[in-house]
Amino acid sequence: MENLDVARIFNEVADLLEIQGANTFRIRAYRAAARTLETLPTPVAALVAAQPEALEELPGIGADLASKIVTIVKTGRLPLLRELSRKTPATLTALMRIPGLGPKRARLIFDTLGVKTLPQLEKAARAGRLREVKGLGPALEQTILRGLGQEKAHAARVRIDQAEAYVRPLLEHLHGAPGIRSLEVAGSYRRRRETVGDIDLLVCSTRPAPIAERFVSSPGVRQVTARGDTRCAVVLTSGLQVDLRIVPPRSYGAALYYFTGSKAHNIAVRRLAVKRHLKINEYGVFRGSRQIAGKTEAEVFRTVGLPWIPPELREDRGEIDAARDGRLPRLVELEDIRGDLQMHTVHTDGHETVEAMARACRARGYRYLAITDHTKAVRVAGGLSPAGFRALFRDIERAQKAVPDITIFKSAEVDILEDGSLDLDEATLAELDVVLVSVHSKFNLSRAAMTRRILKALAHPRVHILGHPTGRLIGRREPYAVDIEAIVAAARDRGVLLEINAQPERLDLNDTYVRMARDAGVKLVISTDAHRIDELAFMRYGVDQARRGWCARGDIANTRTVDAFRRLLRR
DNA sequence: GCCGTTTTCGGCCCGACTGTTTTCAGTCG
């Protein structure tokens, strides 16, 4: 029973309670608990076994939900859920996923037409029976029919790099509108989450009408779903939803703050405001009807006694207390990075020579790089034998002479074999400046076996870095089952560095695990795993996730000077 | 159902847009 399974059950309970018209705060409690579980790095099943009393320490989980978690983990089910679905068909919750349908209308449709599944809903809508229900009409019937068709596309979040690609032309088009004082992307995009569900655009202007007009007529707009004076929403041909808000200067900071979220963070801050008899909304901070702040985000924070909090931290994971106590970390920045410690060349599956990669790294301002071509077990990548590595080393030495003002580390991405041994002989390992190890095969070992495998590799005295530690590919492959806490502990004890792989499809470690490692005192590296020159630019995605994991410059090893980094390797 | 520098009881974040209604409920973010 994984954390996500427990969270799903709580969300299911919340859905059914909503349909049954239960107390909204009780519903909110189940959703808050689900959210806590979704982002909790520690498996809740382990807590239940080791220290169940710790469950009640988790935010939004009290005595009752703690005991329900224990029940779910031990029995795999929750009696309350069964009880609720006796009163209301559990299939009704699927209806709520359709845009335009919420708990009230799902219930209404069930009560009046007996519709309780998606196929029945579609049949009723096509037959024009929905419009006969009091409170519904033909327009809603059309919305529902459209929604039924798009139901699947709707669910998918897109990777941050894809979102950037979709948004770029839209921003360029909008910039041509008159009267725009500023234009920013807010939402999870601004918080730099690894994926985004939609795009929130914010424009500062005193003349909204022409901007809204230009927005809804942007190229790539498939459908306009809302069209108001200050708010519009469209769906792009890619299926991505884009919301636009237009606010005047005196509200811009408040709106930017508000639409950056996260929702949980905003709610926590608004609670602070309520205590001070203030009201925060997207137009500003108000005492009674008088606006006392709103031009900038910093103003908004100041009214509740907080310094400005970087967007990447706004997840209600302790940043508000830390800000209040002056404990916010000074987050690492892209400019702090002095080297890139994973990349491939023509010697294996890369597209560039060693020298070309070295020159490109130097052009980025780096002081060092590691050439980490594959070892022989990774056949699909053309992994190198010891003889192949000797040729690579000669090439590195030659490139080093040609590009003297950047240090090229001899390295390898050494495959961790199924039994945890390394796919390279001791003599070649001894020649490497940096030993990076990672898993490329047998992803479906048991959790215990995978953990043993990686721990054994980390115990090898020559290993410096564990690459892409969970093996996931966003949207394509789940992380392999592994005890990440044990790996973090081993990395801490042995001084092994954990990689944040900056490929936007990997972002591995993810933000939650980065935070866990950083809190444990483990040092990390951010590497691009570049296979071509333009992929060296992925570094910023890795930095984003390091920031989301609360990392300061000191937590990231490749912010050090080349000498300091060498000293760290010797340790 | 949770939670406490107001509180162990009584609060719990806030507003825009749509479609339906004829003053507003429901949905959405």
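The values are calculated or read from the model by the stated rules, or taken from the named source; none is laboratory data. Computed from a predicted model, the values in this text were never measured in an experiment. A quick note on method: Cβ atoms are made from the backbone with ideal geometry, for glycine too, and the neighbour counts reach across all protein chains shown.
Summary table
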item	result
Selected residue [free of Cβ contacts under 8 Å to residues at least 60 places away in the same chain and at positive phi] from A:Gly228, A:Gly220	A:Gly220
Extreme residue, nearest to DNA strand B (Cβ to nearest atom), among residues of segment A:276-300 that are of a type in the set (Lys, Arg) and more than 17 Å from A:Cys204 (Cβ to Cβ)	A:Lys279
Check on A:Gly76, surrounded by fewer than 13 Cβ atoms within 10 Å (Cβ to Cβ) and modelled with pLDDT under 85	no
Residues within segment A:300-356 that are on the phi > 0 side of the Ramachandran plot and among the acidic types (Asp, Glu), tallied	1
Only listed residue being touching a residue at least 24 places away in the same chain (Cβ under 8 Å), surrounded by fewer than 18 Cβ atoms within 10 Å (Cβ to Cβ) and of a type in the set (Gly, Ala, Ser), chosen from A:Gly475, A:Gly467	A:Gly475
Listing of helices (runs of 4 or more DSSP H) fully contained in segment A:64-133 that carry 1 or more residues being within 14 Å of DNA strand B (Cβ to nearest atom), more than 34 Å from the chain's Cα centre (by Cα) and within 30 Å of A:Glu53 (Cα to Cα)	A:79-87
Residues being closer than 28 Å to A:Ser262 by Cα and not β-branched (Val, Ile, Thr) - total across segment A:68-88	1
Scope segment A:191-227; condition within 12 Å of DNA strand B (Cβ to nearest atom) and in a strand (DSSP E or B); matching residues	A:Val196, A:Asp198, A:Ile199, A:Asp200, A:Leu201, A:Leu202, A:Gln223, A:Val224, A:Thr225, A:Ala226, A:Arg227
Residue tally, condition crowded, with 22+ Cβ neighbours inside 10 Å and either small (Gly, Ala, Ser) or part of a loop (DSSP other than H, G, I, E, B) (or both), over segment A:361-371	1
Test: residue in segment A:241-255 that is touching a helix residue (DSSP H, G or I) at 6+ places or on another chain (Cβ under 7 Å) and more than 14 Å from DNA strand B (Cβ to nearest atom)	yes
Unmet requirement for A:Pro41, which otherwise passes all of (1) within 30 Å of A:Gly549 (Cβ to Cβ); (2) outside any helix (DSSP H, G or I); (3) within 9 Å of DNA strand B (Cβ to nearest atom)	(3)
